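Q: Before I ask anything, here is the structure I am working with.
The values are calculated or read from the model by the stated rules, or taken from the named source; none is laboratory data. Everything numeric here is computed off the predicted structure, so don't read it as measured data. We place every Cβ from the backbone using ideal geometry, glycine too, and count neighbours over all the protein chains shown.
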Amino acid sequence: MTELPPRFVLGVVAVLGAIVGSFLNVCIYRLPLRQSIVWPASACTACSRPLEWYENVPILSYAILRGRCRTCRTPFTIRYPIVEALTAAMFALAWWYYGPGLLFISRIVFGCALVVLFAIDLEHQLLPHAVTLPAIAVGFAFSFFTEPGWRASLVGIVAGFGILMAVFYGYLWARHIEALGMGDPKMLAMIGAFLGWQMMLVSLFAASFIGSLVGLLLIATRRGTMASKVPFGCFLALGGALAASVGPNLVHWYLGNL
């Protein structure tokens, strides 16, 4: 049997990723509204007209329709093609990096959860339990068959949740201010479930570093103050993505230079 060209397979995986990205957009829009993500079919959010199948082709439909509803001409958010393109790239890169196998599926599920949480937290400052809690269970289930192993996953869940809960109550006791949302500890526990406790710590460190840089930039440009709230879930998503991709190499480099 003739083997398919690697570039063709990579292209098919990317197309599949774009299709999944279209579904992630549904999750991003409906979960904060507590609506079903499977019913009804997609419709224009302005005029409520159900979209035809050819209006739902990832990326292409947005470009052909110039980002507007065909009926009422209301602009669609640019988030739609961005999420679809990002998910397509994530699928292709994960296939290239991990190859076919259970680890690829685990990392794809993890990446999709990060995309949804990032987008919702950025827009609503909310990390839905409907994403984080099932993802913790799924990540732990994967750990019995692939990286990081169930022990590292279990420690990652407990430590991830415990660290941020300690920060939450410690800051509340010292400053009488809620420094974090209650969704952040669950999100870090989710990261620990998929990546294990070591990469969970890398994720937390990276998220804190990126968040500090963004906070300083907002203060420097007078767009924020020391009291301004930033969506920490977005930084956890970036930290989780970094840890899942290059985290082990960063740890080996750091330990080798001690």
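Q: Checking residue 31 against (1) surrounded by 10 or more Cβ atoms within 10 Å (Cβ to Cβ); (2) more than 19 Å from the chain's Cα centre (by Cα); (3) assigned to a helix (DSSP H, G or I), only one condition comes out false. Which one?
A: (2)
Q: Only one residue in 166, 179, 206 is surrounded by 16 or more Cβ atoms within 10 Å (Cβ to Cβ) and part of a helix (DSSP H, G or I). Which one?
A: From the options 166, 179, 206, the qualifying one is 206.
Q: Restricting attention to the stretch 106-154, which residues are of a type outside the set (A, V, I, L, M, F, W, C) and without any contact (Cβ under 8 Å) to a residue 40 or more places away in the chain?
A: In the first step, residues of the stretch 106-154 are kept if they are of a type outside the set (A, V, I, L, M, F, W, C); the result is 106-107, 111, 121, 123-125, 128-129, 132, 134, 139, 143, 146-149, 151, 153.
If the condition is that a residue be of a type outside the set (A, V, I, L, M, F, W, C) and without any contact (Cβ under 8 Å) to a residue 40 or more places away in the chain, then 134, 151 are the ones that fit.
Q: Among (1) in a loop (DSSP other than H, G, I, E, B); (2) surrounded by 11 or more Cβ atoms within 10 Å (Cβ to Cβ); (3) β-branched (Val, Ile, Thr), which single condition is residue 38 missing?
A: Of the numbered conditions (1) in a loop (DSSP other than H, G, I, E, B); (2) surrounded by 11 or more Cβ atoms within 10 Å (Cβ to Cβ); (3) β-branched (Val, Ile, Thr), the odd one out for residue 38 is (2).
Q: Being in a loop (DSSP other than H, G, I, E, B) and among the charged types (D, E, K, R) is the filter here, so list the residues in the stretch 139-157 that pass it.
A: Passing the criteria: only 147.
Q: Can you work out which of the residues in the stretch 147-163 that are buried (at least 16 other Cβ atoms within 10 Å of the Cβ) and β-branched (Val, Ile, Thr) is farthest from residue 102 (Cα to Cα)?
A: Residue satisfying both the conditions and the ranking: 163.
Q: Okay, next question. Which condition number in (1) in contact with a helix residue (DSSP H, G or I) (Cβ under 6 Å, 6 or more places away or on another chain); (2) touching a residue at least 40 places away in the same chain (Cβ under 8 Å); (3) closer than 27 Å to residue 31 by Cβ; (4) aliphatic (A, V, I, L, M) is the one that residue 163 fails?
A: It is condition (1) that residue 163 fails.
Q: Against the conditions (1) in contact with a helix residue (DSSP H, G or I) (Cβ under 9 Å, 6 or more places away or on another chain); (2) at pLDDT below 85, where does residue 210 fall short? Just the number, please.
A: Of everything listed in (1) in contact with a helix residue (DSSP H, G or I) (Cβ under 9 Å, 6 or more places away or on another chain); (2) at pLDDT below 85, residue 210 misses just condition (2).
Q: For the stretch 77-105, which residues satisfy the criterion of being of a type in the set (Phe, Trp, Tyr) and either touching an Asp or Glu at 6+ places or on another chain (Cβ under 8 Å) or in contact (Cβ under 8 Å) with a residue 24 or more places away in the chain (or both)?
A: 80, 91, 95, 96, 97
Q: List the residue pairs whose Cβ atoms are under 6 Å apart, where the first residue sits in the stretch 246-258 and is not assigned by TED's automatic domain parsing to the domain that holds residue 198 and charged (D, E, K, R), the second is modelled with pLDDT under 75 and surrounded by 10 or more Cβ atoms within 10 Å (Cβ to Cβ), and the two are 6 or more positions apart or on different chains.
A: Pairs that qualify, where the first residue is not assigned by TED's automatic domain parsing to the domain that holds residue 198 and charged (D, E, K, R) and the partner is modelled with pLDDT under 75 and surrounded by 10 or more Cβ atoms within 10 Å (Cβ to Cβ): there are none.
Q: Considering only residues that are surrounded by 14 or more Cβ atoms within 10 Å (Cβ to Cβ) and part of a loop (DSSP other than H, G, I, E, B), look in the stretch 71-83 and name the one that is nearest to the chain's Cα centre (by Cα).
A: The selected residue is 77.
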